[in-house]
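Following: one structure in structure tokens, then a few remarks.
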Amino acid sequence: MIGQNMYIELENKDNVERIKGEIYLSDDISDAFPNKYPHKSEATVTCICIKGEITAEINQFPVCAKAPGLLVLLPGQIRELANVSDDFQGEFIIMTRQFTESISLPEGFSTFMSVRNTPFLPLGERALEAVLNHHKMLVGVLRNKDEGLNRKAIVKHLTIALFYGLGYYLHKVNNKKKTRNEIIMEDFLKLVLKYCKQERSLGFYADRLYITTKYLSVAVKNVSGKTAGQWLDDYIILEAKSLIKTTDMTIQQISDELNFPSQSFFGKFFKREVGMSPKQYRDTE
């Protein structure tokens, strides 16, 4: 998992404002998407899209972040950058898990729940100005080296204010009533993210949702066009790709991590889904 290595690189960059181990401000997209492969990060990343656009996949869902707007990436999501326009300009706020846990937002805070479903928020001119003013204040605090200034406390309060402000805009965007099937799809994918390494049986997920396996399959197919089984397999492959490309774990260790009965079984599954063996995938540029 990309984590400490990412922060070490940020520590060594001259153009990054920071409180070490807490929060980093950057205008380089490679700091938010460290490589072109699917990867998982424990950082929360907020991207203020000022000009141009980027396209990416977040937990298999395509996202187009087009200026002016705000893209929010949450811990544990598997991210893959697809394309960046030549004129893209953005500001990135990168927060460690230690930092986001320390700001003590209420458990289940609605902003985070909404962001999982709507990672990109288009902004009007006034909203963009407000977010950029927030960023400017963060930069000012981080650049102030006055020892009497409690920079960490001020940055935390500014960040809390940002997330509460985001909650208002996201509520307006997500105020559409969902169908029963859409709710089932949403709840199914939350469970898959949590249990896909341990549980491959659709019956497990149907039981957790208090519906039959057939009902689950029909609901997911109707909403997404993909079967529940395909979603489950695709998440396993995403996890596998991330581990293969961003860790030093052996293929055997990855097979064990994903709870396959054997490395051979994992290798056959991966090759069937990806078209190459895990080793071949690791060796690709």
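The values are calculated or read from the model by the stated rules, or taken from the named source; none is laboratory data. Treat the numbers as computed from the prediction; the structure is a model and nothing was measured. Each accessible area value is taken on the protein alone, full model and side chains, heavy atoms only, with ligands, DNA and RNA left out. Shrake-Rupley method; radii C 1.70, N 1.55, O 1.52, S 1.80 Å.
Numerical summary
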{"read-out": "The chain, accessible surface, carbon-and-sulfur percent (1.4 angstrom probe)", "value": "51"}
{"read-out": "The chain - Kirkwood radius from inverse mean 1/r over Cα pairs (Å)", "value": "20.5"}
{"read-out": "Cα-Cα over 19 Å, subset of K136/K156; K36/K156; K40/K241; K156/K194; K13/K40; K20/K152", "value": "K36/K156; K156/K194; K13/K40"}
{"read-out": "Accessible area per residue, Å², segment 34-78 with all protein chains present, probe 1.4 Å", "value": "29"}
{"read-out": "Share antiparallel - DSSP beta bridges, the chain, percent rounded to 5", "value": "95"}
{"read-out": "Structure-based [θ]222 nm, the chain - -39500 (n - 2.57) summed over DSSP H runs of at least 4, per residue, nearest 500", "value": "-15500 deg cm²/dmol"}
